[in-house]
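**Q** For reference, the structure I am asking about is given below.
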Amino acid sequence: MPSPASVLQAPVACAAELPPSPQAIAAVTEGLAALFGNRLVTSLAVRQQHGHTLTWIPNQPPDAVVYPQSTEEVASIVKLCAAHGVPVIAFGTGTSLEGHVNAPYGGVCIDMSQMKQVVAVHAEDLDCTVEAGVTRKELNEHLRDQGLFFPIDPGADASLGGMAATRASGTNAVRYGTMKDNVISLTAVMADGAIVKTASRARKSSAGYDLTRLLVGSEGTLGIITEVTLKLHGIPEAISAGVCPFPSVKAACDATIMTIQSGLPVARIELVDDVMMRGVNLHSRLGLPETTMLFVEFHGSEEGVKEQAERFGEIAAEFGGGPFDWATKPEDRSKLWQARHDAYWAARALRPGAESVATDVCVPISRLADCVDETKRDIEASGLVAPIVGHVGDGNFHTQPLVDLADPDEVARCEAFIDRLVKRALAMGGTCTGEHGVGQKKMKYLTIEHSPAAVATMGLIKRSLDPRNILNPGKIIAL
């Protein structure tokens, strides 16, 4: 990590020239080939795969992709790139939605998929340490025999390093929190190749700056996460899950608000609007009514989940919802939640050939019904096909407009709709993104949400930790 003196003396002009020169790329590629052999790949197909964004942002591939197998190897890559001013982009599984893994200035993509070791499980302390390439499903499979699980579930089988880097959330966040609440410590490689461990395994500490929280959600712009120490939980004795239809998105949101405010310990409560339900039925063959639905799950004792499910059914009925059909068989619950997790692909079935533009916002729970209802009316007025889903227990919801990119008018209407959506959420005390992250597409909203002074402070942190701007440049903060 740079010394305080070097940081203070480093002017903005010391930043690397972006994009780097062909000579710099050639020197780095030659050096990596000597170090990694066939674990360095420069074919166009692989490079484009690592610029994939699952959205309409143009693919911007890196110049090379390298597959390290240890923290020390990541450090050697970063040191070589730093010496030549070449950008470095970390890659987990490529499931991010806001252009996080694009390489707008070229450079080297570090694919973490070969860093798969579960380093340690401390069952008695309810924590574990894993390498960044381990996915959440792989970890939970490893933990199952010990009666433990890791609860953060963004839907996709994302890598845990990527989930930490993007401050991922998901369906269980209403009960278990997000990645920032479940990461105890990190090992990261900084912009000069230094290896930093951010904290011990202690559950609380007052020792120094909270580097863990600084790196969680930094999207690879401040350091490259190579190991993660995570909180674990015991697998619940009983789980009940089910679906409940509602006459409108407002009624479903009002029932959600009442559920949360009444203190009912819901583990998941997911909104699926009528448009998305058509896609879910097409994709997953659930055969459910094509109306607004809440997918709900409770964790606890046998008697506890039964009481919780019954109470939720009573709340739903107060808002015209129901009946609430719930089940405790694992196979029934798995089918239900797999259908919810496949919503991204299900939505695409509603308009084959159209491009998906997934985006999200989050508002205080008291404003949820207003925000979703206004958004639903905005979609209809805009003439867009844009299903809505949401982790509504914490005020977070997503829309997924399906757009014909060959139609300039439709593209313009979609962009205007997303702009109104974000500004609507901000006006209600919310955020421009609850879990997708900033990446490339949400950068323009940071100043509105945080104030110019706050964004300038973020810029100072970026310059201090990455004075040459080589770590995932062009994301979050524009230098």
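**Q** Going by Cα centres, segment 96-143 and segment 15-52 are how many Å apart?
**A** Each part's Cα centre sits 22 Å from the other's.
**Q** Along the positive direction of the dipole of the chain (beta-carbon charges: Lys, Arg +1; Asp, Glu -1; about the Cα centre), which of 371, 245, 212 reaches farthest?
**A** 212
**Q** Under a Cβ-only charge scheme (Lys and Arg +1, Asp and Glu -1), can you give me the dipole magnitude of segment 193-308 about the Cα centre, in debye to the nearest 20? Present the calculation step by step, with values, prior to reporting the outcome.
**A** On the way: 11 positive and 13 negative charges, 109 e Å.
Dipole size: approximately 520 debye.
**Q** Follow-up. Beyond a 30 Å Cα-Cα separation, which of these cross-linked pairs lie in this structure: 335/376; 231/423; 180/441; 204/335; 180/442?
**A** On the way: 335/376 27 Å; 231/423 35 Å; 180/441 22 Å; 204/335 38 Å; 180/442 20 Å.
Cα-Cα > 30 Å for 231/423; 204/335; rest within.
**Q** Next question. With the other protein chains left in place, how much accessible area per residue, in square angstrom, belongs to the chain at a 1.4 angstrom probe?
**A** On the way: 19220 Å² over 479 residues.
Here the residues of the chain average 40 Å² of exposed surface.
**Q** Given the C-alpha centroids of segment 348-370 and segment 260-288, what is the distance between them in whole angstrom?
**A** For segment 348-370 versus segment 260-288, the Cα centre distance is 14 Å.
**Q** Which value at 222 nm does the chain reach when only helices count, each DSSP H run of 4 or more adding -39,500 (n - 2.57), with the total divided by all residues and rounded to the nearest 500 deg cm²/dmol? Can you show the working numbers first?
**A** On the way: 18 runs with 181 residues, N = 479.
After summing the helix terms and dividing by residue count, I get -11000 deg cm²/dmol.
**Q** Same structure, new question: In the chain, what percentage of the DSSP-assigned beta bridges are antiparallel, given to the nearest 5?
**A** Working: 54 of 62 bridges.
Just about 85 percent of them are antiparallel.
**Q** Counting Lys and Arg as +1 and Asp and Glu as -1, each charge on the Cβ, what is the dipole of segment 60-211 about the Cα centre in debye, to the nearest 20?
**A** So the magnitude is around 340 debye.
**Q** Of 313, 293, 281, which is farthest on the positive side of the dipole of segment 264-342, counting Cα position, with +1 on Lys and Arg Cβ, -1 on Asp and Glu Cβ, and the Cα centre as origin?
**A** Projecting each Cα onto the dipole axis, the largest value belongs to 281.
**Q** About the Cα centre, and with charges only on the beta carbon of Lys, Arg (+1) and Asp, Glu (-1), how big is the dipole of the chain? Nearest 20 debye, please. Display every interim value, and only then the final one.
**A** Details: 42 positive and 55 negative charges, 196 e Å.
Approximately 940 debye in magnitude.
**Q** With point charges of +1 on the Cβ of Lys and Arg and -1 on the Cβ of Asp and Glu, referenced to the Cα centre of the chain, which listed residue (381, 326, 154) lies farthest in the positive direction of the dipole?
**A** Farthest towards the positive end: 154.
The values are calculated or read from the model by the stated rules, or taken from the named source; none is laboratory data. Note that the coordinates shown come from a computational prediction; the quantities given were computed from them, not determined experimentally. As a convention, Cβ positions derive from the backbone with ideal geometry for all residues, glycine included, and neighbour counts pool all protein chains shown. In case anyone asks, the SASA skips ligands and DNA or RNA and just uses the protein heavy atoms, side chains included. Shrake-Rupley method; radii C 1.70, N 1.55, O 1.52, S 1.80 Å.
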